Amino acid sequence: MKPRRDYDTAKLIDASIAVLRTRGMYVAARMLSEQGIPFATAQRVLRQPGLRRTYGDAVIH
């Protein structure tokens with residue numbers, strides 16, 4: 001996968017992964033969908049966050 005070029009979306013994904021850990025899949029997926037992230041993308045990044053593209057400091061370890 002190519003590195004992400006959209007920093008704002010990368011930070012949104014980081015935030016959704018943090019929400020996933022504290023509030024669960026439903027809340028995290030809804031957060032992404034409300035921001036226009038396609039369902040398939042939201043599902044992939046929330047189920048397999050280690051496989052997501054990165055952008056600078058927008059990375060969860």
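The values are calculated or read from the model by the stated rules, or taken from the named source; none is laboratory data. Here the structure is a predicted model, which is why all the values come from computation and not from measurement. Note that each Cβ is placed from the backbone with ideal geometry, even for glycine, and that neighbours are counted across all protein chains shown.
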- request: Look at segment 4-13 and say how many of its residues are touching a helix residue (DSSP H, G or I) at 6+ places or on another chain (Cβ under 9 Å), over 12 Å from Ile37 (Cβ atoms) and modelled with pLDDT of 80 or more.
  value: 0
- prompt: In the list Ala58, Ala42, Ala28, which residue meets the criterion of being surrounded by 13 or more Cβ atoms within 10 Å (Cβ to Cβ), of a type in the set (Gly, Ala, Ser), at pLDDT 80 or above and closer than 17 Å to Asp6 by Cβ?
  reply: Ala42
statement: Pairs returned, first residue in segment 1-21 that is over 13 Å from Thr41 (Cα atoms), second residue that is modelled with pLDDT of 85 or more and of a type in the set (A, V, I, L, M, F, W, C), beta-carbon separation under 6 angstrom, 6 or more apart or interchain, are Val19/Val27; Val19/Ala28; Val19/Met31; Leu20/Ala28; Leu20/Leu46
query: Pick from segment 30-52 the residues that are in a helix (DSSP H, G or I) and charged (D, E, K, R): which of them is farthest from Ile17 (Cα to Cα)?
result: Glu34
